[in-house]
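**Student:** Got a structure here, written out as structure tokens. Questions coming.
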Amino acid sequence: MTGSTAQRPVLFLDVDGPLIPFGTAPQEYPDGYPTYETGLEPLGTDSNPLLARINPEHGPRLTALPCDLVWATTWMADANACIAPRIGLPQLAVVVWPEPSDEDKRAERAGLHWKTRALISWAAGRPFAWVDDEITDTDRAWVSAHHQGQALLHRVDPRRGLTDPDYISLNEWLHQVHGTTHPHNAA
């Protein structure tokens with residue numbers, strides 16, 4: 001790894017909630033969630049009708065972020081097979097979830113998200129953003145106390161998925177961590 005690659009932030013990306021909105025559709029969707037036909041659906045995706053809710057614009061927006069994208073989802077490798085082609089993402093690294101230890105189980109009972117400890121381990125001190133719909137203040141406090149690098153735990157409203165304000169927040173934070181000015185924020 002080169003020095004610049006080693007310091008490039010990681011973006012841990014969940015699927016259900018951030019990319020696939022779910023639950024009661026918000027007011028802006030009075031007729032239900034919009035669906036998208038991309039023509040890039042891999043075979044067999046018609047078996048999960050929620051995949052049609054993934055806006056293909058997420059792919060270019062995610063790849064434009066100054067970070068290394070990593071799937072942090074229970075979809076695991078299926079995210080590369082089912083989600084990535086649909087939105088034009090390359091094959092991404094995938095967090096493989098370890099079997100929970102007794103310590104993990106205690107932490108979860110205390111309110112820590114079951115992903116939090118594994119993501120800290122995966123990041124190994126690198127700066128990271130985590131995009132998920134289940135992040136809480138308990139996770140933020142734990143990461144602050146146990147992660148040596150910078151971290152942004154960004155909670156997404158699962159009824160809306162990733163929105164323009166989410167991308168703005170991620171862009172600004174990632175550029176700040178990377179020490180660059182985002183072109184859209186330059187005066």
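**Student:** Mind checking which residues of the range 100-137 are among the hydroxyl-bearing types (Ser, Thr, Tyr) and exposed (fewer than 12 other Cβ atoms within 10 Å of the Cβ)?
**Tutor:** Matches in the range 100-137: Ser101 only.
**Student:** Tell me, please, whether a residue that is open to solvent by less than 20 Å² (accessible area, probe 1.4 Å), touching a strand residue (DSSP E or B) at 6+ places or on another chain (Cβ under 8 Å) and not in a loop (DSSP other than H, G, I, E, B) can be found in the range 167-180.
**Tutor:** Within the range 167-180, one or more residues are open to solvent by less than 20 Å² (accessible area, probe 1.4 Å), touching a strand residue (DSSP E or B) at 6+ places or on another chain (Cβ under 8 Å) and not in a loop (DSSP other than H, G, I, E, B).
**Student:** Where residues in the range 124-151 are of a type in the set (Gly, Ala, Ser) and in contact (Cβ under 8 Å) with a residue 24 or more places away in the chain, which of them is farthest from Asn171 (Cα to Cα)? Before the answer, list the steps.
**Tutor:** Taking the range 124-151 and keeping what is of a type in the set (Gly, Ala, Ser), we get 124-125, 129, 141, 144-145, 149, 151.
Within this subset, residues satisfying the condition of being in contact (Cβ under 8 Å) with a residue 24 or more places away in the chain are 125, 129, 149, 151.
Working: Gly125: 20, Ala129: 10, Gly149: 18, Ala151: 13 Å.
Among those residues, the one meeting the criterion is Gly125.
**Student:** Tell me, which residue of the range 144-160 that is under 16 Å from Ala129 (Cβ atoms), open to solvent by less than 40 Å² (accessible area, probe 1.4 Å) and part of a loop (DSSP other than H, G, I, E, B) is modelled with the lowest pLDDT?
**Tutor:** Top of the filtered list is Gly149.
**Student:** On the given criteria, is Asp46 charged (D, E, K, R), open to solvent by 50 Å² or more (accessible area, probe 1.4 Å) and either outside any loop (DSSP other than H, G, I, E, B) or at pLDDT below 90 (or both)? Steps first, please.
**Tutor:** Numbers: charged (D, E, K, R): yes; open to solvent by 50 Å² or more (accessible area, probe 1.4 Å): yes; either outside any loop (DSSP other than H, G, I, E, B) or at pLDDT below 90 (or both): yes.
So Asp46 passes the test.
The values are calculated or read from the model by the stated rules, or taken from the named source; none is laboratory data. Predicted model only: the values in this text are computed from it and were never measured. Please note: Cβ atoms are built from the backbone with ideal geometry, for glycine as well, and neighbour counts cover all protein chains shown. To get the accessible areas, we keep the full protein, side chains included, count just its heavy atoms, and leave off ligands, DNA and RNA. Shrake-Rupley method; radii C 1.70, N 1.55, O 1.52, S 1.80 Å.
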